[in-house]
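The values are calculated or read from the model by the stated rules, or taken from the named source; none is laboratory data. Just so it is clear, the model here is predicted, and its values are computed rather than measured. Ideal geometry is used to build each Cβ from the backbone, glycine not excepted, and the neighbour counts take in all protein chains shown. Note: accessible area is taken over every heavy atom of the protein model, side chains too, but ligands, DNA and RNA are not part of it. Shrake-Rupley method; radii C 1.70, N 1.55, O 1.52, S 1.80 Å.
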Amino acid sequence: MAQIADRSNTLKPGLKQRHLTMLSLGGVIGAGLFVGSSAIINQAGPLAFVTYAITGLIVLLVMRMLGEMAAAKPCTGSFTDYARMAYGRFAGFSTGWLYWYFWVIVVGFEAVVGGQMINKWVPSIPVWAIALALMIIMTGINMLSVGSFGEAEYWFAGIKVVAIVAFIAVAALFAFGIWPGSSLTFANMTDHGGLLPNGLGTLFVGVVVVIFSMTGVEVVTIAAAESAEPAKAIRKAVNSVVFRILAFFVISTFLIVMIVPWSDVVPGESPFVAALDRIGIPGSADLLNLVILVAVLSVLNSGLYTASRLLFVMGSRGDAPQWMTTTNSRGVPVKGILSCTIVGYGCVVLSALYPDTVFLFLINASGAVFLFVYFMICISELRLRRRWEKESPGILEFRMWLYPVLPLIVTAAIVAVLVSMGLREQNRIELFQGIAVWVALSIIYLLRRKFGNLRNDDVIDGRLDSTTPSKPSTDTPAVN
C-alpha cells in the first residue's frame, strides 16, 4: 500500500485478526442492546425481534457494500476515501468530519455514562471526576500502541460476547422448558394484545432507534489498514461479525419476549435483567451493570481510536491540519488522539454544569449523522463498483450481491428512515441537528476553499485527478 508524503509519519500494522473481529463487535454491543432494547420491546410488542432483524439486514448490506470497496482498496480513511474517490473533495471532507463528529460526541457521552454508573457504587466520588478518570485511562491505552489498543478492545469485547452467549443459553433453556421449573409456552407473545398490539407500523418505526444501537461495525474497515493483510481481514470480519451481531440482537430479543410479557418491559430499564429475574438468577442486576460498564469502556476505547485515525487521514489529505499526521516511534498519532479527547473533556465539564440535560443534548448532537454516513457509503459503492468493473475488475474479489438492484434498495431504505425521522416529532430534532452539522461543514469547506489554503482537486467524471503534483493519488490512499 502506498504511503503518505512524509514517510516518518506512518501508522504501523499491529492489529491481528482476533483484534479486528472483537473490535467490530466492541463498537456495536453496548448499552443500546442491554438497555435500549427496552424501548423497542415496549413500542413494537412481541415482534420487536423483527425490528432488529430488519435493521440488522440493512446494516449487513451496508457493510457488504463497504466491505467490497475496502477489500478492493484498503485504506485507513475507509468510506471517507471512497466518497472522495466517487464524488470528489467535498464528499470526502464532509463524510470524514461527520463521522469524526459522531465519534467524539460518543466518546464524551460514554465517559459520562461510565461516570454515572460507577457513581452508583461509589457515591462519594462525583460523576465528573470519574468520567475524567475514565477519559485519562482510555487515552493512555490509545497512546501506547495500536497493539495495546487492540488487546484492550479484545478483552472488553470478549466479556460482552461471553455475557450475551451465556444469557442466550440460559434464556433458551428456560423459554423452551428445559430449565428446572419452566415449561414451553408462547403465552407471553399472544396473551397481552397479540403479536402486534400497537400495529404493524411500529415494527418499521423502531428501525430509526435500533439502527443507532448497531453502529460501530464499520470501524473494522478503518482498523484493517493497520493489520498485516487488510483485504483478508476485511472479508473475514464482514462475513463473520455481522451475522453474529444479527444473531445476538434478534435471538436475545426473541427470548426476552418469550420470558417476559412485553407490557411489563419498562423503557430505560434493562429487559435482560427482567428476564434473568423471571428465571430466578440472583444478583442479575449488579452482574449486568458490570457488563454494561465494560461495554461503555469498550465503546469509549474504540471511539478514541476511530476518531484519531480519521484525523490522521484527513490531515494527510489536507482536510485537517497537517500536524494531525504526526506519529511517534510506535506509529501512534499522539496529537490526533489528544485532539479527539478535547470534546470528551468538554462533555465531562457539561456533565458537571448541566447534569440533568447533558444526556439529551449529546444524543441529539449525534442524531442522524450516522445515517448520512451510511447514505454516502451506499452511493459511493454504486459509482465506484461501476467504474472499477470497467477499469480493473480483478480487484473486486468481495462483491456486493445483486448489484445494482440491492444497493439501490438499501439506499432507498436509508432515505426512508431519514424521512421518517423528519415526520416523527420525537426524532425531528436529531434530523435537524444532523442537517445543521452538515450545513456548517459545507460553509467551512467553502470558506477554506476561497480564503484558506485548501487545495482544489481536479475532478474528472467524479474521479480525483491523480496527476495533481502536490499530493499522492487519492485512488491509492493508505498508510504502510
Problem set entry | Space enclosed by the convex hull of the alpha-carbon atoms of region 192-321, per residue, Å³ | 160
Exercise. Using alpha carbons only, what's the Rg to Rh ratio of region 157-269 with Rh from Kirkwood?
Worked result: 1.07
For this session: Working from Cα positions, state the angle (0 to 90°, nearest 10) between the long axis of helix 127-144 and the longest principal axis of the chain.
Result: 50
Seminar exercise, completed: The answer for the chain, accessible area per residue at 1.4 Å probe in Å², is 38
Problem set entry | Scaled radius of gyration (Cα, divided by 2.2 N^0.38 Å) that region 260-404 gives | 1.51
Exercise. With charges set only on the Cβ (+1 for Lys and Arg, -1 for Asp and Glu), what does the dipole of the chain come to about its Cα centre, in debye to the nearest 20?
Worked result: 1180
For this session: Report, to the nearest whole %, how much of the accessible area of region 229-317 belongs to carbon and sulfur atoms, 1.4 Å probe, protein only.
Result: 62
Seminar exercise, completed: So the angle from the long Cα axis of helix 146-175 to the longest Cα principal axis of the chain, reported in degrees to the nearest 10, equals 30
Problem set entry | the chain - mean residue ellipticity at 222 nm from DSSP helices (-39,500 (n - 2.57) per run, n ≥ 4, rounded to 500) | -23000 deg cm²/dmol
Problem set entry | Angle between the chain longest axis and helix 369-391 axis [Cα atoms, degrees, rounded to 10] | 50
Exercise. Which of A416, W388, G315 sits closest to the plus end of the dipole of region 293-417, meaning its Cα is farthest towards the positive end, when Lys and Arg get +1 and Asp and Glu get -1 on the C-beta?
Worked result: W388
Problem set entry | For region 63-141, Kirkwood radius (reciprocal of mean inverse C-alpha pair distance, Å) | 15.0
For this session: Please give the per residue volume of the convex hull enclosing the alpha carbon atoms of region 95-248, rounded to a whole number of Å³.
Result: 202
Problem set entry | Kirkwood hydrodynamic radius (C-alpha pairs) into Stokes-Einstein, the chain, 20 °C and 1.002 mPa s, D in µm²/s | 93
